[in-house]
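Engineer: Take a look at this one; I'll ask things after.
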Amino acid sequence: MPMRGRVWKFGDNIDTDVIIPARYLVTIDPQELAQHVMEDIDPEFAAKVRPGDIIVAGRNFGCGSSREHAPIAIKAAGVQAVVAESFARIFFRNAINIGLPVVEAPDAVRETETGDELEIDTENGIVRNLRTGKTYKATQYDEFIQHIIRAGGLLNAVRERIQARKAAEAGQ
Amino acid sequence: MGMTMAEKILARAAGRSRVEPGEIVEVAVDLVMTNDITAPLSIAEFKKLGVERVFDPKKVVFVPDHFVPAKDIKAAEQSKIMREFALEQNAIYFEIGRAGIEHVVLPEHGLTRPGMVIIGADSHTCTYGAFNAFATGMGSTDIAAAMATGTTWMRVPPTIKFVYTGTLPPFVTGKDLILYTIGQIGVDGALYACMEFTGPVIDELPMDDRITMANMAIEAGAKTGIFACDDKTREWLAKVTTEPYEPVDSDPDARYAQVIEFDVSNLRPLVALPHLPSNVQPADEVRDLPIDQVVIGSCTNGRLSDLRIAAEILKGRQVHPRVRCIVIPGSQEVAKQAAKEGLVDIFLEAGAVFSVSTCGPCLGGYMGVLAKGERCVSTTNRNFRGRMGHRESEVILASPAVAAASAVLGRVASPFELN
C-alpha cells in the first residue's frame, strides 16, 4: 500500500546533532524526543510537523552519532518516511531496525520542494511527486534488508530466529 | 584475487574463506560495547528478546562516559540502568574513577586487538581500527541483538586505500592528517567504505596518532578505518595484554575501490571551520578569529601524547584572559600519568582547568557547553551546528597543538605564531 504525505525539505549532511541534540539524550521516551526533533536546524519543526508528513533531504542524511534516538524522534513525531539522496550508514541501519522507512531516491529529491505531496511505494521502489506528476525510481533494498522490514524491525527478526532455535532444541 | 585486511577479518568471523565487497554476511563478534547514552535503549530492547543472559559476559562492555559523573537526575537514572544491568550480567563494566572515555579505556586494557570484530553503540567505535581490528559503530537495537546472539550482520565494505608519503613537518599530527583527508574527500567521501591507512608516514606514526585517525573515519562517512599491525601495535599490546591475537594484512593483489596518495611534506597545522569536519584550512590562514573557549581532550585527542603537546605549548605561558581553557584527560590512567609528569601543574599554572574524564562538552552535554554566539577551538571530532551547545555557537576542530596555541593567543592560531 503506497503512502502519501506532505514534504518538508532539508539540505545535505543533516547530522544527528541537529536531528536530536545531545542535550535531550537523557531519556529514551519517544514522545519526549519527538518534541525536539530537528530542533537545531528548524526550531519550529516539532510544532509544524503533522502525522504522515515526509522528510526529504540531500546527501548523507543522518551523519554523525550512532544515536538511535534520531530515527526514533523522527518516527515518534509522526513522520512517515525519509527520502534522501543518500543516507549515512548507521542512521540507515537504525531506521530499518526500528521500522522507519528510508528511501534513497536522488532524482526525486532534486525535484521536490517543501509543501509538495509525495506518494511512496516502498515495495516496488517508486516515488511519485503529486504536484508535478513525475515518477522516480528508488534504490531497491537487498533481500536481507527486506526481510528485516517484513518482520517489522530487527528485534522481531532476531526474536523469530531465537524462538525457532529454541523450538528446534526442544524438538530434539 | 587477494583480499584487504577488512575483508579477511570479516571472512574469518563469517566462517568463510573469502567475502566480496557489497555482500551481506553474518559475523561473530568479539566485543560489544555501549555507553551511558546508548545502553539504556539497548537494554530495553534486549529485554524484549526473550533471553536472560548476554551471549558472553567477557565480551560485553559497558562504559559510563558521556554524561558522567552524572550531570543531572535524568542522566543519573540512565547510568543507573546500565550499571545495574552490567553487574547483573557480570559483564565488563568500567566505573568512573577507574576508567574514563570508552575509546581511550578499552585499548588501555588490551580489549581491542588485531583481527577482532568489535561493534559498539557509539559512532567512534571505528577508533579500534588503529589496532588492526574491524570495528564499527551501530545503534542500540543492533547492539541489543548482538548482546543476545553474539552475531551481527555486515555489508562487506569496499576498501579505499590511503597512502601517505613524504615527511611529516613539526606540529603536524594524526589529527591534521585525518582532517586533511576529510577535507580532500568530503564528509561522505568514504560513505559505507573502509578506509585503509598506509604508507611510509603511517609506518612511522605513533599509535596515539593512528588512534586519532581511525577515530575520525566516521567523519568521512566510513564504516571503519583500519591500520596494519606492526611493531608499534605489538609494543602497545605487550604492555596491556597477554591474550593471543591474529593480525591480518592486505594481500598485494587485494582489490581497492580507490587508491589515494597524499604527499604530506608541505602540510601545516590545520583546523576545520564550522559546521563540517571537511571545512579544512591551515590554522595560520585563519585571520583574527577570536575565540571564547578551548577544549583539549575527548576520544579523539585525550591521550597522554595529546596532553604532552598541549603542555609543551602552555608551559610558561598564560591562557588568554578572554578564553576558558578546559583540559580533559581521556582516562584515569591518562590523568594519573599527566599528574606524575607535571603536566597537570603546567595546565593549572597556565590558567586552564583540568577536568574529570568525560565526553561532556564534545557533544554539548556538560562541563563546557557554549552560549549563543560563542566560538570554541576543540580537539574533538565534530563541529556540526549546535554540537557543543547553542545552535548559534561555533566549533572549530584542531589538534592539541593548535588548540593550545589558540588558547594562548585568544584566537585561532598555529603553534608557529607563538614567540
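The values are calculated or read from the model by the stated rules, or taken from the named source; none is laboratory data. Only a predicted model underlies this, so the values are computations on that prediction, with no experimental measurement involved. All Cβ positions, even for glycine, are placed from backbone atoms using ideal geometry, and neighbour counts span all protein chains on display. With ligands, DNA and RNA removed, areas are computed over all heavy atoms of the protein, side chains included. Shrake-Rupley method; radii C 1.70, N 1.55, O 1.52, S 1.80 Å.
Engineer: Considering the stretch B:177-216 alone, what residues qualify as being within 14 Å of chain A (Cβ to nearest Cβ), open to solvent by less than 20 Å² (accessible area, probe 1.4 Å) and among the β-branched types (V, I, T)?
Structural biologist: If the condition is that a residue be within 14 Å of chain A (Cβ to nearest Cβ), open to solvent by less than 20 Å² (accessible area, probe 1.4 Å) and among the β-branched types (V, I, T), then B:I182, B:V187 are the ones that fit.
Engineer: Within the stretch B:20-53, which residues are surrounded by fewer than 23 Cβ atoms within 10 Å (Cβ to Cβ), part of a loop (DSSP other than H, G, I, E, B) and away from chain A (no Cβ under 13 Å)?
Structural biologist: Those that are surrounded by fewer than 23 Cβ atoms within 10 Å (Cβ to Cβ), part of a loop (DSSP other than H, G, I, E, B) and away from chain A (no Cβ under 13 Å): B:E20, B:P21, B:D30.
Engineer: Read through the list (1) more than 13 Å from chain A (Cβ to nearest Cβ); (2) without any contact (Cβ under 8 Å) to a residue 40 or more places away in the chain, then give the number of the only condition that B:F227 fails.
Structural biologist: So the condition that B:F227 fails would be (2).
Engineer: Which members of the stretch B:45-80 meet the condition of being touching a Pro at 6+ places or on another chain (Cβ under 8 Å) and either farther than 22 Å from B:S331 by Cα or among the small types (G, A, S) (or both)? Quick ask: steps written out before the conclusion?
Structural biologist: First, the residues of the stretch B:45-80 that are touching a Pro at 6+ places or on another chain (Cβ under 8 Å): B:78-79.
The one that is touching a Pro at 6+ places or on another chain (Cβ under 8 Å) and either farther than 22 Å from B:S331 by Cα or among the small types (G, A, S) (or both): B:S79.
Engineer: For the stretch B:57-104: of the residues being under 17 Å from B:V32 (Cα atoms) and without any contact (Cβ under 8 Å) to a residue 12 or more places away in the chain, which is most open to solvent (accessible area, probe 1.4 Å)?
Structural biologist: B:L87
Engineer: Further question on the same structure: Given the residues B:D142, B:D122, which is the only one that is open to solvent by 10 Å² or more (accessible area, probe 1.4 Å), within 14 Å of chain A (Cβ to nearest Cβ) and closer than 23 Å to B:E45 by Cβ? Before you say what the answer is, go through the steps one by one.
Structural biologist: Details: B:D142 fails: open to solvent by 10 Å² or more (accessible area, probe 1.4 Å).
Result of the check over B:D142, B:D122: B:D122.
Engineer: Hey, any hits in the stretch A:53-65 for a residue that's surrounded by fewer than 23 Cβ atoms within 10 Å (Cβ to Cβ), modelled with pLDDT of 95 or more and away from chain B (no Cβ under 14 Å)?
Structural biologist: yes
Engineer: Give the stretch A:68-78 a look and list any residue that's open to solvent by less than 10 Å² (accessible area, probe 1.4 Å) and either among the charged types (D, E, K, R) or touching a Cys at 6+ places or on another chain (Cβ under 8 Å) (or both), or say none.
Structural biologist: A:E68
Engineer: Mind counting the residues in the stretch B:321-353 that are within 18 Å of B:R98 (Cβ to Cβ), open to solvent by 10 Å² or more (accessible area, probe 1.4 Å) and part of a strand (DSSP E or B)?
Structural biologist: Residues in the stretch B:321-353 being within 18 Å of B:R98 (Cβ to Cβ), open to solvent by 10 Å² or more (accessible area, probe 1.4 Å) and part of a strand (DSSP E or B): 0 in total.
Engineer: Quickly run through the stretch B:264-279 and pick out the residues that are under 24 Å from the mean Cα position of the chain (by Cα) and either open to solvent by 40 Å² or more (accessible area, probe 1.4 Å) or more than 28 Å from B:G199 (Cα to Cα) (or both).
Structural biologist: B:R268, B:P274, B:H275, B:L276, B:N279
Engineer: Sticking with this structure for a sec: Hey, among B:L49, B:L41, which residue is among the hydrophobic types (A, V, I, L, M, F, W, C), at pLDDT below 95 and over 19 Å from the mean Cα position of the chain (by Cα)?
Structural biologist: Numbers: B:L41 fails: at pLDDT below 95.
Residue meeting the stated conditions: B:L49.
Engineer: Out of the residues in the stretch B:248-263 that are over 24 Å from the mean Cα position of the chain (by Cα) and of a type in the set (A, V, I, L, M), which is most open to solvent (accessible area, probe 1.4 Å)?
Structural biologist: Among them, the one singled out is B:A257.
Engineer: A further question on this structure: Return the total of residues in the stretch A:1-41 being without any contact (Cβ under 8 Å) to a residue 12 or more places away in the chain and under 29 Å from A:R128 (Cβ atoms). Before the answer, list the steps.
Structural biologist: Taking the stretch A:1-41 as the starting set, the residues that turn out to be without any contact (Cβ under 8 Å) to a residue 12 or more places away in the chain are A:1, A:23, A:26-27, A:29, A:32, A:35.
Now restrict to residues that are under 29 Å from A:R128 (Cβ atoms): A:1.
The qualifying residues number 1.
Engineer: Do we have A:I14 as of a type outside the set (D, E), surrounded by 23 or more Cβ atoms within 10 Å (Cβ to Cβ) and touching a Phe, Trp or Tyr at 6+ places or on another chain (Cβ under 7 Å) here? Steps first, answer last, please.
Structural biologist: Values: of a type outside the set (D, E): yes; surrounded by 23 or more Cβ atoms within 10 Å (Cβ to Cβ): yes; touching a Phe, Trp or Tyr at 6+ places or on another chain (Cβ under 7 Å): yes.
Yes, satisfied.
Engineer: Limited to the stretch B:145-176, what total is found for residues that are within 14 Å of chain A (Cβ to nearest Cβ) and either open to solvent by less than 10 Å² (accessible area, probe 1.4 Å) or not basic (K, R) (or both)?
Structural biologist: 13
Yes or no, residue by residue, for (1) open to solvent by less than 10 Å² (accessible area, probe 1.4 Å); (2) away from chain B (no Cβ under 14 Å); (3) within 15 Å of the chain's Cα centre (by Cα):
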| site | (1), (2), (3) |
| --- | --- |
| A:Q80 | no, yes, yes |
| A:A84 | yes, no, yes |
| A:A105 | yes, yes, yes |
| A:T122 | no, yes, yes |
| A:K134 | no, yes, no |
| A:F144 | no, no, no |
| A:I149 | no, no, yes |
| A:R159 | no, no, no |
